[in-house]
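J.: Okay, handing you the structure first.
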Amino acid sequence: MNQLPRRVDTVVIGGGQAGLAMSWNLRQAGREHVVLERRNRLGGGWQDRWDAFRLVSPNWASALPGFPYDGDDRDGFMPRDEIAARIARYAEVIEAPVHSGTAVERLERGAAARPGFRVTTPRGTIDADHVVVAVGGFHVPNVPSAGTGLSPRVTQLHSHAYRNEAALPAGAVLVVGSAQSGVQIAEELHQAGRRVFLSVGHGGRFPRRYRGSDIFRWLNDLAMRGHEFGTPLPTVDKLPDPRIRFAGNPHLSGHQGGHETNLRQFAADGITLVGRLEGADGERVRFAQDLKANLAFADAFFGERFQSGIDTFIERAGIDAPPDDGTGVAFEPPEIAELDLAGEGISSVLWTSGYRLDFSWIDLPIFDAQGFPRHVRGVTEVPGLFFLGLPWQLDQASATLFGVARDSAHLAERMDALKDAPA
């Protein structure tokens with residue numbers, strides 16, 4: 001294990017795709033830096049996913065700065081171990097100065113005699129002029145308080161700890177949460193022969209393909225080139241409510257060659273849909289009567305937020321794309337107010353309810369009431385402190401593979417501009 005430097009120009013905290021993309025940009029700019037990664041093995045948070053996990057974005061979208069996709073299945077969808085291995089290989093290819101097994105315990109201002117920051121780790125402290133926090137936004141598994149009221153007979157598991165269907169006790173499963181992880185795991189359990197109940201929240205969905213291309217072709221175009229044609233992705237400052245930053249990603253699947261995950265089709269195929277979980281009392285679980293509204297929201301999400309921008313981009317960029325040939329699903333499942341878990345044979349509740357932020361180790365007054373750092377495109381109000389890979393750092397692409405490539409380049413440019421600015 002290499003010895004940590006006592007002082008360095010820049011410390012990058014986090015050795016996943018965001019931290020490594022930042023390292024590449026810093027190397028191009030000639031900035032001395034180190035990357036600190038708490039895990040002993042590189043591969044980022046992908047290593048925490050369940051066994052059958054696959055990317056929902058096509059393999060070509062996994063290109064990173066200085067590391068284009070070089071596989072033989074551009075339009076496929078990488079499984080968990082392959083994407084984790086790709087991130088680890090990226091570190092080798094760009095010769096990133098990574099110190100793995102090095103968790104950051106505290107980040108604070110440096111000594112008064114010297115500007116900058118002090119980074120404390122179990123292996124010693126580092127003084128730095130700049131720090132880039134690149135640990136993403138998925139830190140602590142979020143389990144709603146309703147879980148405390150469930151019968152001890154029922155196995156409760158967050159998706160962070162879920163690995164495969166065979167590891168769950170025999171019986172039906174209640175999956176709580178209908179963003180990307182929830183719908184994919186519910187489908188996996190259903191296809192394995194389990195009886196599945198899915199608690200549907202206020203989340204959207206994307207079509208797998210739109211106007212002749214995978215939806216990520218158009219999302220990537222809007223993120224990377226939309227500003228050229230007046231059609232950028234909606235940015236964080238346009239959100240009607242900052243709490244939307246915590247919303248789950250629109251549901252979609254990379255399994256079986258990639259396909260849509262339409263909740264109405266799930267219900268028609270035998271998965272029982274219920275509304276948002278409101279509370280639990282032993283074996284009885286209560287649900288809001290909002291299933292119909294939540295399904296309508298999911299159906300309208302793409303059309304209301306993305307379709308017009310994509311259509312305008314196609315027109316202004318002069319792209320020859322066929323008209324939309326998508327079709328809807330009309331099935332209307334009934335509202336269910338309450339379930340008797342024992343009566344329905346439900347032995348497990350699987351919480352696919354997302355994550356909470358945890359920046360408690362950062363001792364700097366830069367966080368808003370929801371725990372997000374105050375920043376503009378990753379540049380904070382504290383000189384020299386930056387963030388990368390946050391959900392909605394700029395837009396909905398910011399926490400994606402191609403989003404961190406774009407946002408890391410922006411941070412590198414801002415760091416250079418601040419360096420050259422008059423004192």
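The values are calculated or read from the model by the stated rules, or taken from the named source; none is laboratory data. From a predicted model like this one, the values you see are computed outputs, not experimental measurements. Backbone-built Cβ (ideal geometry, glycine too); neighbour counts: all protein chains shown. Quick note on the areas: whole protein, heavy atoms, side chains included, nothing else; ligands and nucleic acids left out. Shrake-Rupley method; radii C 1.70, N 1.55, O 1.52, S 1.80 Å.
J.: Could you tell me which of the residues R374, R406 is on the phi < 0 side of the Ramachandran plot, touching a residue at least 24 places away in the same chain (Cβ under 8 Å) and charged (D, E, K, R)? Even if it seems obvious, please write down each step before you answer.
T.: On the way: R374 fails: touching a residue at least 24 places away in the same chain (Cβ under 8 Å).
Criteria check complete, one pass: R406.
J.: Which of the residues belonging to the range 144-156 are surrounded by fewer than 18 Cβ atoms within 10 Å (Cβ to Cβ) and either out of contact with any Gly (no Cβ under 8 Å at 6 or more places or on another chain) or over 16 Å from S199 (Cβ atoms) (or both)?
T.: Those that are surrounded by fewer than 18 Cβ atoms within 10 Å (Cβ to Cβ) and either out of contact with any Gly (no Cβ under 8 Å at 6 or more places or on another chain) or over 16 Å from S199 (Cβ atoms) (or both): P144, S145, G147, T148, S151, P152, R153, T155.
J.: Further, regarding this structure: Would you point out the residue of the range 327-347, among those that are touching a helix residue (DSSP H, G or I) at 6+ places or on another chain (Cβ under 9 Å) and of a type outside the set (V, I, T), that is nearest to P234 (Cα to Cα)? Give the derivation first.
T.: Just the residues of the range 327-347 that are touching a helix residue (DSSP H, G or I) at 6+ places or on another chain (Cβ under 9 Å), to begin with: 328-336.
Those left that are additionally of a type outside the set (V, I, T): 328, 330-335.
Working: G328: 25, A330: 29, F331: 31, E332: 31, P333: 32, P334: 34, E335: 33 Å.
Checking each candidate, the answer is G328.
J.: Scan the range 247-263 and give yes if some residue there is under 13 Å from H202 (Cα atoms) and at pLDDT 95 or above, otherwise no. Let's see the steps before the verdict.
T.: Taking the range 247-263 first, the residues under 13 Å from H202 (Cα atoms) are 247-251, 263.
Checking which are at pLDDT 95 or above leaves us with 263.
Yes, because at least one residue in the range 247-263 is under 13 Å from H202 (Cα atoms) and at pLDDT 95 or above.
J.: Residues to consider are A63, A21, A96, A84; find the one that is under 18 Å from the mean Cα position of the chain (by Cα), open to solvent by less than 40 Å² (accessible area, probe 1.4 Å) and more than 26 Å from R208 (Cα to Cα).
T.: Criteria check complete, one pass: A21.
J.: As an exercise: evaluate L4 against (1) surrounded by 17 or more Cβ atoms within 10 Å (Cβ to Cβ); (2) assigned to a helix (DSSP H, G or I) and give the number of the one condition it does not meet.
T.: Tallying (1) surrounded by 17 or more Cβ atoms within 10 Å (Cβ to Cβ); (2) assigned to a helix (DSSP H, G or I), L4 fails exactly one: (2).
J.: Yes or no: the range 392-408 includes at least one residue that is β-branched (V, I, T) and not in a helix (DSSP H, G or I).
T.: Initial filter on the range 392-408 (β-branched (V, I, T)): 400, 404.
After this cut, where a residue has to be not in a helix (DSSP H, G or I) as well, the list is 400.
Yes; the residues of the range 392-408 include at least one that is β-branched (V, I, T) and not in a helix (DSSP H, G or I).
J.: Turning to a different aspect of this structure: Could you check how many residues of the range 330-371 are within 30 Å of Q289 (Cβ to Cβ), part of a loop (DSSP other than H, G, I, E, B) and at pLDDT 95 or above?
T.: Matching residues across the range 330-371 total 13.
J.: Identify the residue in the range 395-414 that is open to solvent by less than 30 Å² (accessible area, probe 1.4 Å) and among the hydrophobic types (A, V, I, L, M, F, W, C) and, among all such residues, is nearest to R377 (Cα to Cα).
T.: Once the filter is applied, the top-ranked residue is L411.
J.: Also, quick follow-up: Just a yes or no: is a residue in the range 336-346 within 28 Å of I215 (Cβ to Cβ) and open to solvent by less than 70 Å² (accessible area, probe 1.4 Å)? Before the answer, list the steps.
T.: So in the range 336-346, the residues within 28 Å of I215 (Cβ to Cβ) come out as none.
The answer is no; no qualifying residue exists.
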